[in-house]
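The structure appears below as structure tokens.
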Amino acid sequence: MKTYQTTQKQRARGIPRCIRHAAPLLTLLLVMVGTAHATLLTTGGSSFDISLLNYEPVPAQPGDILDVWITLENEGSAPANDITIEIIDTYPFTTDSEDDRIKFASTIPAQESFLFKTKVRVDSDADVGTNYLHVRVTQGSVQQEADLAITIVGETSSLNVARAEVQPAVIAPGERATLSIVVENVGNTLLRNVEASLDFDDVDVAPVESGSSKSIDKLPGGSSHEFSFPLLADPDAAPGVYKIPLTLTYTDRAGTNQTEEESIGIVIGSTPELLVYFDKLDLSATDREGTAVIKVVNKGLDEVKLVQLDIIEGNGVHVTSESAQLYVGNIDNDDYENAQVRLKLDEGVTAVPVVLTFKDSLNREYKQRFMLPVRITEKSEEQQTNWPLIIVIVLIVLGGGWWLFRRRGKR
């Protein structure tokens, strides 16, 4: 059984959403799933699990060039740095270029994963059955190899999931979406009673306006059909990737009922909404230098992570504290964090440009530019002496004292 996601993840855009496999080879595929993971131990508190996410075309055949997606997950408690992943050319799999053979990951945070895509050629004389793609992971002086199972068959099945797509690609909590699944009869014989059934029991989405199963009576050889499922995400759904089990059933030309098990990946999340402004800006009236407190507010539905604020110097904007780069950290939804810096602004500066970089809950990276309006509260102006008022008060006091003195003198 294979999993295909209809999502865009780091370094792996356009992951295929389709899979096909022959009914006589279901046993081999179950064996493949059980051997597609390997635990790799490294130094510094990092522990890796490497797994084969999917490959295309499926099933693989001798002579094919496969698009392969592999996940390297850091299951340890510390970030892992400077990691090299290498595809080892071993029968029946080889790579055609250095870019496909070696991949690099600069940093993988603890409890997060690195997804990469490569191309692998299947030898034209490859043996039918389960074959293994050899992968080597290197961190520092530590190396470990893993074998990822890929099934090679001599002929394709009659029914194939040609495409699976969700619109929108990322579903916000409480938002509607449409899942489209295109099945294709790749053989030359008629298939009957073709049905696609989805299992929503363990996911935070549900079908609306229709059931979880769709079917057609006939699917001629060489033709395709699209099943459409309107969906609604739970308003309280947690962001992440959800796998929906998919069951395809049909009756072949011989009258035998066939069943194929797959899963479709959907992504629940939302676009971050951040607000950035000066919470405090105290500058001296003499040299226009002082302390600035910048507030970063997360107005979105999900947490934002690894937030960094960069103040763009130039055009009258000067940072007089240690650095113009301010690390803010993680910000929960409906929460905020402050960053403090010392600034010096030339006359005429009305706004300070800043750039905010961060990741959302799905580890998608963002970079946003903001212009922070300058509303200066100058300390010396607040504390400036009101001499005319003081003179009036002094005159009143002196006059009153003189009047009292004269009055007592007369007595």
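Since every read-out is calculated from the coordinates, none of them should be taken as a lab result. Just so it is clear, the model here is predicted, and its values are computed rather than measured. Neighbour counts run over all protein chains shown; Cβ positions are idealised from the backbone, glycine included.
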Net charge contributed by nearby residues that have their C-beta within less than 9 Å of Ile331 (K/R +1, D/E -1): -3
Linear extension gain, Asp346 paired with Tyr91, 0.36 nm per residue minus alpha-carbon span: 85.0 nm
Paramagnetic reach from Asp49 in region 121-153 [backbone N under 18 Å; point 7 Å along Cα→Cβ]: 137, 145-149
Highest-first arrangement of 338-346, 177-185, where packing means the average Cβ count within 10 Å: 177-185, 338-346
Charge dipole (debye, nearest 20) of region 249-382; +1 at Cβ of Lys and Arg, -1 at Cβ of Asp and Glu: 260
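What percent do you get for the relative contact order of region 59-124 when only Cα pairs under 8 Å and 6+ apart count?
On the way: 127 pairs, mean separation 33.8, N = 66.
Contact order relative to length: 51 percent.
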Efficiency of FRET between Val128 and Val241 - r from beta-carbon atoms, R0 45 angstrom, step 0.05: 0.90
Furthest towards positive pole of dipole, Gln308, Ile294, Pro272, structure part region 266-343, Cβ charges: Ile294
Inter-label distance, nm, simple model (7 Å from Cα along the C-beta direction), Glu145/Ser180: 4.5
Antiparallel bridges, percent of DSSP beta bridges restricted to region 157-269 (to nearest 5): 95
Extended-chain gain in nm, criterion 0.36 nm per residue less alpha-carbon gap, Glu322 and Tyr336: 2.7 nm
Long pairs among Lys103/Lys243; Lys117/Lys367; Lys119/Lys243; Lys295/Lys344; Lys299/Lys359; Lys243/Lys367, criterion Cα-Cα beyond 22 Å: Lys103/Lys243; Lys117/Lys367; Lys119/Lys243; Lys243/Lys367
